[in-house]
Amino acid sequence: MVIASASGISKSFGINTILEQVSFHINKGDRIGIIGDNGAGKSTLLSIIARPLSHDAGELFISSQADLGYLKQNDNFSSENTVYQEMLSIFSEVIAMEEAMHRLSALISHKSSERADIKELLLEYDALMEAFERKGGFSYQSEIRGILSSMAFPEEYFEKKISTLSGGERTRLALASLLLKKPGVLLLDEPTNHLDIGTLKWLEQYLKNYPGTLVIVSHDRYFLDQIVNRIFEIENARLSAYEGNYTLYLEKKKQRQEELQRKYEQQTQEIRRQEEIIRRFKQRGTEKLA
């Protein structure tokens, strides 16, 4: 199933062309690494896919069934929440269910003491309990603590205001928040920045087992080797797609360059051959034929 595709996408900033006639497709379950030199347009392309940034020309299709989660290099936290409050806000629907269950439970207890008919209340409570369990209601708090701990936030950080965190801590918190939301498509811009070795190893293992689609901008070659199965290379404002991880990309790019070099040399030899034929014709006075 194709969840995103582009045809002839172009993007410029002023007189600088960043992307030109870029075309690609992303299938459900793909794990794509976007690579290229600094300033090549990697983050621009990811932002266009995530749709906070528009393209100048071409067509972009994003499936209505694609649940996009986008991690950019600069987080967009604006609240004065604590670290733990911000993570709790992700589960607002589950928390509302939990509160409704407490109210129903109290009402059922009250009605029972009055020996009133509580059949409908019990049915409502059972349905709510089932939905609550399905959405991870019994594990969301431990899940929050587990993700925060894995992203190098010890418990003493839980009550810290987000506004007091460093840039690197805010980036880690943005990543933790996104992983808790579990979108169907993860769009990650340099997710390994500001991670120590232990956290990086944890993230690598987590993404290996992630059931959704991944699109990752990264300079970390080893990380890409472990995670991705396709490479999008942006070079000279164009995109080339390769199947396989980063190591396979290097091999295939080398083969492609060698093939292009062979074709160039064959073309050059053919041009020289034809020029030599023309020169001989001219020497024989057959310029018209030449």
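The values are calculated or read from the model by the stated rules, or taken from the named source; none is laboratory data. In this text the structure is predicted, and so the values were computed from the model without any measurement. Glycine also receives a Cβ, built like all others from the backbone with ideal geometry; neighbour counts cover every protein chain displayed. Accessible surface areas use protein heavy atoms only, side chains included; no ligands, DNA or RNA. Shrake-Rupley method; radii C 1.70, N 1.55, O 1.52, S 1.80 Å.
Worth pointing out:
- Going through (i) 1.02; (ii) 1.21; (iii) 1.32, the figure that equals Rg/Rh (Cα atoms, Kirkwood Rh) as computed for the structure here is (ii).
- Modelled spin labels at Lys119 and Gln283, positioned 7 Å past Cα toward Cβ, are 11.1 nm from each other.
- Placed amide H near Asn27: partners under 5 Å, 5+ positions off or other chain: Ile3
- For the chain, adding -39500 (n - 2.57) for each run of n ≥ 4 DSSP H residues and dividing by the number of residues yields -15500 deg cm²/dmol at 222 nm.
- The C-alpha atoms of segment 87-183 occupy a region whose extents along the principal axes are 58, 25, 17 Å, arranged from largest to smallest.
- Accessible surface ranking for Phe138, Phe132, 1.4 angstrom probe, highest first: Phe138, Phe132.
- Of all DSSP beta bridges in the chain, antiparallel share, percent nearest 5: 55 percent
- Computed over the chain with a Gaussian network model linking Cα atoms closer than 10 Å, the most mobile of Ser47, Ser63, Ser218 is Ser63.
- Of the residues Phe13, Phe223, Phe153, the one that moves most in a GNM of the chain with alpha-carbon contacts below 10 Å is Phe13.
- Normalised radius of gyration (Cα atoms, divided by 2.2 N^0.38 Å) for segment 1-124: 1.77.
- Take the convex hull of the alpha carbons in segment 117-239; its mean projected area over all directions comes to 11.4 nm².
- Residues of segment 85-105 with amide N under 14 Å of the 7 Å Cα→Cβ point at Met129: 98, 101-105
- Highest average packing first - 88-97, 120-129, 273-282, Cβ atoms within 10 Å: 88-97, 120-129, 273-282
- Debye log10 I(q)/I(0) for segment 173-290, one point scatterer per Cα, at q = 0.13, 0.16 Å⁻¹: -0.66, -0.85
- Taking amide H positions as modeled 1.01 Å from N, with prolines and chain starts lacking one, the residues under 5 Å from Leu71 and 5 or more places away or on another chain are Leu187, Leu188, Asp189.
- From the Kirkwood radius over Cα pairs of segment 13-53, Stokes-Einstein at 10 °C and 1.306 mPa s returns a whole-number translational diffusion coefficient of 136 µm²/s.
- Paramagnetic reach from Phe13 (point 7 Å along Cα→Cβ, amide N under 19 Å) across segment 46-70: 46-57
- Debye intensity ratio I(q)/I(0), log10, segment 196-236, q values 0.28 Å⁻¹ (C-alpha model): -1.13
- Put Arg51, Arg256 in order of accessible area, highest first, and with a 1.4 Å probe you get Arg51, Arg256.
- The slack in the chain from Lys208 to His102, taken as 0.36 nm per residue of separation less the alpha-carbon distance, amounts to 34.3 nm.
- Distances between placed amide hydrogens fall under 5 Å for Ile34 paired with Ile216, Val217, Ser218, Phe232, all partners being 5 or more residues away or on another chain.
- Among Tyr264, Tyr210, the sequence by solvent-accessible area, most first, with a 1.4 Å probe is Tyr264, Tyr210.
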